[in-house]
């Protein structure tokens, strides 16, 4: 585009970024793919095993399937909290007259705090002995029968480690959706109100279709972030008790750095990448198609 | 600097509403009260845990172990902060986090600008392909790089260094930075460049004299957005760093989990409060710029 540019000048500007990006992102992806066909503990000779790792993963590994299912539930909880919460709060916020900026700031606050701090905090919130915030609250509102050690109960632990992740980023998605809602032309809404549209019609027929492109972006963001969730489950329960809060990412991490099974860990990594790409493809397919219909 | 189309804080309701209008507004008022209550509740859920963490850091240990968790502290004490500083090397952790955040940000900004300049301004045949390559880094989870980088680092002796954290943190943040800079460069009119070219300026001078100075606002956005993630990074630091001297804040906080998982909670919360303060202050001071950055990051990326 620029008339005086030369081939060298393009390379001078392009090579350094590509070098860093290649070394940190692209090359490791290829390396994982390569390693997934080997058996290697990092010390002894690497051994080519063909598809054995993949066969083991799909056919012979119950923990893998458990972790996969858990990761999907984890994702579902995060999506409901983040996107549902974000859309609800953003819609409510547009009806407020003042204090919007303050609420945006407060709401975003948890996103600034490190996952380690959040893990500490939620361990205390869920604790039973001494009684933590959640159990105390249940006691007060007369639901004392629900009191339990949320993190050691196999039935609740997965939800308990998902909620903090959802809680943490709701503010971020709310901001994005709120900005999109503000951009909906006021004339459109007013015209609809004059025609006697109810709040729900207003939302479903005018506002939501208008913010659909942003909604697709946020859904993709939340999904890819949900699928890479790791810190909070790893720190709070390390996948336990048993495998009840094991996610694919924590399982991969433990396979790599506790069992030092680099080959099999890479196989799981490859699966996680494919899962993310498939999820993005699926979202685009579903949401775009609906838009065309 | 920030020209956000912010809603007016005060509605310009100078004209008293006529009776007819007022009647129609009565129902929405009920709705408005309801949404106010709901929002207040949600904000409490978001903020109270953090306030509680701070209050706990000021309680005595005995008070914390025995009392009702919602109660206000019976007396305030700074003892926990003293113990927090004794147990861990908080100053060191903060310094390390600072070094890593700065290092990664310099790379992200500089390289992001260069790539965007090459793609958007200079232009070349395969620029679409390069854009696509950068898209991969936004979708793919960071965990994929852990095993390969761990192996590569051990071969070139990079394990347990600042670089071992900076390289992947910068690499995975680079795509967003490239997209933000290119979408900004789209708006710099072509005539500006053409005029400079006619005056004999080559691509390097144009970058230094025109593109770079114009990018300042985008730089602020990119730095603010990335700093949240880099400052709080746990996974790369946890995988690549072993020595106490290099531990960043998230790793340092883990030192408070004692043997057998026994935790000195009040001191831990004191440490948490100390370590979240720097980023929290930046956030509270610059929250408008940061909020705007997060919004644009998503809608353009």
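The values are calculated or read from the model by the stated rules, or taken from the named source; none is laboratory data. Keep in mind it's a predicted model, so treat the numbers as computed, not measured. Reconstructed Cβ throughout: ideal geometry from the backbone, glycine too, with neighbour counts over all protein chains shown.
Just a few scattered comments:
- Taken over region A:175-227, the residue count meeting the criterion of being assigned to a loop (DSSP other than H, G, I, E, B) and facing chain B (nearest Cβ under 10 Å) is 1.
- Screening A:272, A:232 for residues that are within 22 Å of residue A:150 (Cβ to Cβ), in contact with a helix residue (DSSP H, G or I) (Cβ under 7 Å, 6 or more places away or on another chain) and at pLDDT 90 or above leaves exactly one candidate, A:232.
- Yes/no for residue A:87 being touching a helix residue (DSSP H, G or I) at 6+ places or on another chain (Cβ under 9 Å), part of a helix (DSSP H, G or I) and within 10 Å of another protein chain (Cβ to nearest Cβ): no
- Some residue of region A:40-55 being free of Cβ contacts under 8 Å to residues at least 24 places away in the same chain, part of a helix (DSSP H, G or I) and either within 14 Å of chain B (Cβ to nearest Cβ) or more than 30 Å from residue A:202 (Cα to Cα) (or both): yes
- Matching option when the condition is assigned to a helix (DSSP H, G or I), surrounded by fewer than 15 Cβ atoms within 10 Å (Cβ to Cβ) and within 11 Å of another protein chain (Cβ to nearest Cβ), among B:204, B:117, B:193: B:204
- For residue B:242, the conditions (1) within 23 Å of residue A:231 (Cβ to Cβ); (2) crowded, with 23+ Cβ neighbours inside 10 Å all hold with the exception of (2).
- Number of residues in region B:58-72 that are in a helix (DSSP H, G or I) and either closer than 12 Å to residue A:124 by Cβ or at the interface with chain A (Cβ under 10 Å from one of its Cβ atoms) (or both): the value is 3.
- Filtered residues of region B:215-266 (kept if outside any helix (DSSP H, G or I), within 20 Å of residue B:98 (Cβ to Cβ), in contact (Cβ under 8 Å) with a residue 40 or more places away in the chain and within 22 Å of the chain's Cα centre (by Cα)): B:232, B:233, B:241, B:247, B:248
- Subset of region A:1-38 (residues that are touching a helix residue (DSSP H, G or I) at 6+ places or on another chain (Cβ under 7 Å), farther than 24 Å from residue B:141 by Cβ and not in a loop (DSSP other than H, G, I, E, B)): A:9, A:10, A:13, A:14, A:16
- First in region B:122-138 and facing another protein chain (nearest Cβ under 7 Å), second anywhere and modelled with pLDDT under 85 and crowded, with 18+ Cβ neighbours inside 10 Å, Cβ under 7 Å, 6 or more apart: B:122/A:2; B:122/A:5
- Flag if residue B:14 is modelled with pLDDT under 85, part of a loop (DSSP other than H, G, I, E, B), more than 11 Å from chain A (Cβ to nearest Cβ) and more than 30 Å from residue B:295 (Cα to Cα): yes
- Single residue of A:145, A:152, A:162 found to be free of Cβ contacts under 8 Å to residues at least 12 places away in the same chain and either out of contact with any strand residue (DSSP E or B) (no Cβ under 7 Å at 6 or more places or on another chain) or within 14 Å of chain B (Cβ to nearest Cβ) (or both): A:145
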